[in-house]
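*Asks:* My questions all concern the structure below.
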Amino acid sequence: MVKITDVARHAGVSPSTVSYVLSGKRSISAATRQRVEDSIRELGYRPHAPARSLASSRSNVLALVMPLRAGIHMPVQMQFAASVATAARGYDHDVLLLTEEEGEDGLRRVAGSALADGLIVMDIQMQDPRLPLLRSLRPPAVLIGFPAEADGLTCIDLDFTATGEICVDHLARLGHRCVALLGSPPEVYARGTGFARRTAAGFTAAARRRGMASTVVPVAPGEAAARETAERLLRRHPGLSAVVVHNESALGPLLEAFQRAGMRVPEDLSVVAVCPDETAGSMAVPVSSVAIPAAEVGERSVELLMAQLAGRTVPDATLLPPRLTARASTAPHP
């Protein structure tokens, strides 16, 4: 079994320095901390959790606040949760998953009971009522998502504004002049959820800049809703030649609905999706897409939180640039 003295010897520091890096009790230079952390990973050192908790007055638990709200696609949410849990274990922390829609009361309960050393909060709204409390809580917090005003908060997410823009730019380069964003269910927009609103804003701004006709349409769950949406969209916009789908659960039903309406993909209709790569690649016609980087966002949110717990300064905003992968679903305008 690897001991703290083995880590100290490998990193060329004293055992107490390793202990301070682990507990965050004292400020350690960035270079020394990096050497110690590299040695911990290389040697596979795992501190004894109860001893560490007792010595540092910490719970060795991170709280993941993931309210199960209507309109949220659970398979993608669970990708974030799995990534957070995996990254937390690398720091010898467990994850307490909070799924109830408790708002501020739930945050106060966790913070006041010392159940967790810090919080990772998901499904952030543009005008999120939890923000004043999050700014004042003693345990540090990292938000996966961006509110309208992020001052005094640590936030990380895919750059959804740029995501909307890059989808439109891809279709514009292919010659398309009339595009639609088929987005999340109506209740997601009604809540003012950040990722949905920002994608729509980037999509609309890019279409306007390119001189393209555009519309944003929320898509309710279910195959019947997908059919009704596709038929209504084609009636109202006969020149439509491309769509961006930002609704993972509706992607398959929408593709089928357009094909039933006589629109071949990509001959008559080009399709871009914002979804996990595995979802895009599993369609009958593999779909051009911007990937949801759930694994990277989850891992980096834990890194940001652990850095805060160690007393290090972290950036207020971390925006991951979108990556668009072109597949068979997009083609030049006929």
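*Asks:* Which one of Val271, Val302, Val244 is assigned to a helix (DSSP H, G or I) and either outside the structural domain of Val168 (by the TED database) or crowded, with 24+ Cβ neighbours inside 10 Å (or both)?
*Replies:* Val302
*Asks:* Here's something else I'd like to know. Scan the range 182-197 and report the pairs whose first residue is of a type outside the set (Asp, Glu) and whose second residue is open to solvent by 60 Å² or more (accessible area, probe 1.4 Å) and outside any helix (DSSP H, G or I), with Cβ atoms within less than 7 Å and a gap of 6+ or a chain change.
*Replies:* Pro185/Pro221; Gly192/Gln127
*Asks:* Restricting attention to the range 88-108, which residues are open to solvent by 20 Å² or more (accessible area, probe 1.4 Å) and either touching a strand residue (DSSP E or B) at 6+ places or on another chain (Cβ under 9 Å) or in the same structural domain as Tyr189 (by the TED database) (or both)?
*Replies:* Answer for the range 88-108, where residues must be open to solvent by 20 Å² or more (accessible area, probe 1.4 Å) and either touching a strand residue (DSSP E or B) at 6+ places or on another chain (Cβ under 9 Å) or in the same structural domain as Tyr189 (by the TED database) (or both): Arg89, Tyr91, Asp94, Val95, Leu96, Leu97, Leu98, Thr99, Glu102.
*Asks:* When the residues of the range 274-299 are narrowed to those that are of a type in the set (Val, Ile, Thr) and touching a residue at least 60 places away in the same chain (Cβ under 8 Å), which ends up surrounded by the most Cβ atoms within 10 Å (Cβ to Cβ)?
*Replies:* Filtering first and then ranking leaves Val274.
*Asks:* Then there is this: Which ones in the range 206-225 are in contact (Cβ under 8 Å) with a residue 40 or more places away in the chain and either open to solvent by less than 40 Å² (accessible area, probe 1.4 Å) or outside the structural domain of Pro253 (by the TED database) (or both)?
*Replies:* Ala206, Met212
*Asks:* Right, here's the next one. Could we say that Thr229 is part of a helix (DSSP H, G or I), over 16 Å from Phe195 (Cβ atoms), among the hydroxyl-bearing types (Ser, Thr, Tyr) and touching a strand residue (DSSP E or B) at 6+ places or on another chain (Cβ under 8 Å) here?
*Replies:* Taking the combined requirement at face value, the residue satisfies it.
*Asks:* Spot the failing condition for Ala116; the list is (1) open to solvent by 20 Å² or more (accessible area, probe 1.4 Å); (2) part of a loop (DSSP other than H, G, I, E, B), and only one is missed.
*Replies:* Here Ala116 meets the rest and fails (1).
The values are calculated or read from the model by the stated rules, or taken from the named source; none is laboratory data. Quantities reported herein were computed from a predicted structural model and do not represent experimental measurements. Cβ atoms come from the backbone with ideal geometry, glycine included; neighbour counts cover every protein chain shown. What goes into the accessible areas is simple: the full protein's heavy atoms, side chains included, and nothing from ligands, DNA or RNA. Shrake-Rupley method; radii C 1.70, N 1.55, O 1.52, S 1.80 Å.
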